[in-house]
1. Return the pairs, sorted by first residue and then second, in which the second residue is loosely packed, with under 10 Cβ neighbours inside 10 Å and not in a helix (DSSP H, G or I), the first residue lies in the stretch 67-79 and is at pLDDT below 90 and β-branched (Val, Ile, Thr), the beta carbons are less than 6 Å apart, and the residues are 6+ apart or on different chains.
2. Exactly one of these conditions fails for Leu38: (1) modelled with pLDDT of 95 or more; (2) among the aliphatic types (A, V, I, L, M); (3) not in a helix (DSSP H, G or I). Give me its number.
Amino acid sequence: MTAAASAMLAATVDTTNTVGWHVGYIVTIVVVVVVVALVVPILVLAYQIGNQAKDIDDSLKDSVRNTAALAGLRTTIRDAEVITAGLNRGRKRLGG
């Protein structure tokens with residue numbers, strides 16, 4: 001083998017080795033880009049859900065505060081029934 005042929009063979013071997021590295025880098029970059037493309041929308045949705053959950057929680061707290069008076073509704077109904085029954089008795093006594 002001549003010196004030129006040996007140099008050419010060595011260059012070919014080196015090119016083949018670096019092609020494998022380049023292919024590996026390209027595959028790695030593609031995989032990373034795909035993973036990022038899948039994870040970023042999930043993170044964006046999670047952030048939006050978190051914001052909506054805070055708004056929903058605030059709204060529920062407002063609802064609890066606004067409906068707190070309904071806790072005494074049973075007492076009010078009971079009192080109204082007693083008053084209505086008393087009025088009916090009074091009407092019957094008066095002949096009405």
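The values are calculated or read from the model by the stated rules, or taken from the named source; none is laboratory data. Note that the coordinates shown come from a computational prediction; the quantities given were computed from them, not determined experimentally. Every residue, glycine among them, receives a Cβ derived from its backbone with ideal geometry; neighbour counts consider all protein chains shown.
1. none
2. (3)
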